[in-house]
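Right, one structure below, let's go through it.
The values are calculated or read from the model by the stated rules, or taken from the named source; none is laboratory data. None of the values given here were measured: they were computed from a predicted structure. Cβ placement follows ideal geometry from the backbone for every residue including glycine, while neighbour counts extend to all protein chains displayed.
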Amino acid sequence: METIEVKIPGMLADIYKSEQVAILESAIRHVVFSRLAEKKEKHRKAKQKIAELEKRYGMTFDKFIESFPDDADITQHEDWVEWSHYDEVNKRLSSLI
């Protein structure tokens, strides 16, 4: 477990130690759950974008890369960049969440 040092405002210093801990734990819990909700939303959006691109091209990102034509147009190049971004976000957040 990690130890975190927190400087608190003077008004909290006057509160009993047991209440300080409860307040800080509550605040940290709130921040953690808020950040987790943000990550879950980013993950949901990444999966949604991946599904849209898979539907458009009828294949997975790996197959898209394997079959990427030498004469690809600008749209295909832009889709490659976008898809690679969402693929990376999906992989990173899948292991985190």
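Residue by residue, here is whether (1) part of a helix (DSSP H, G or I); (2) under 17 Å from the mean Cα position of the chain (by Cα); (3) of a type outside the set (A, V, I, L, M) holds:
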{"residue": "LEU24", "(1), (2), (3)": "yes, no, no"}
{"residue": "ILE28", "(1), (2), (3)": "yes, no, no"}
{"residue": "GLU38", "(1), (2), (3)": "yes, yes, yes"}
{"residue": "HIS43", "(1), (2), (3)": "yes, yes, yes"}
{"residue": "LEU53", "(1), (2), (3)": "yes, no, no"}
{"residue": "ASP62", "(1), (2), (3)": "yes, no, yes"}
{"residue": "ASP79", "(1), (2), (3)": "yes, no, yes"}
{"residue": "VAL89", "(1), (2), (3)": "yes, yes, no"}
{"residue": "ARG92", "(1), (2), (3)": "yes, yes, yes"}
Q: Report, ordered by the first and then the second residue, all pairs with beta carbons closer than 7 Å, sequence separation of six or more or different chains, a first member in region 75-96 that is of a type in the set (A, V, I, L, M), and a second member that is part of a helix (DSSP H, G or I) and modelled with pLDDT of 95 or more.
A: VAL89/LYS42; VAL89/ALA46; LEU93/LYS39; LEU93/LYS42; LEU93/HIS43; LEU93/ALA46; LEU96/LYS39
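Could you list all residues from region 8-54 that are among the hydrophobic types (A, V, I, L, M, F, W, C), within 22 Å of SER94 (Cα to Cα) and without any contact (Cβ under 8 Å) to a residue 12 or more places away in the chain?
Start the filter on region 8-54 by keeping residues that are among the hydrophobic types (A, V, I, L, M, F, W, C), which leaves 8, 11-13, 15, 21-24, 27-28, 31-33, 36-37, 46, 50-51, 53.
Still in the list and also within 22 Å of SER94 (Cα to Cα): 31-33, 36-37, 46, 50-51, 53.
Residues satisfying the conditions are VAL31, VAL32, PHE33, ALA37, ALA51.
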Q) Yes or no: LYS49 surrounded by fewer than 10 Cβ atoms within 10 Å (Cβ to Cβ), in a helix (DSSP H, G or I) and charged (D, E, K, R)? A) no
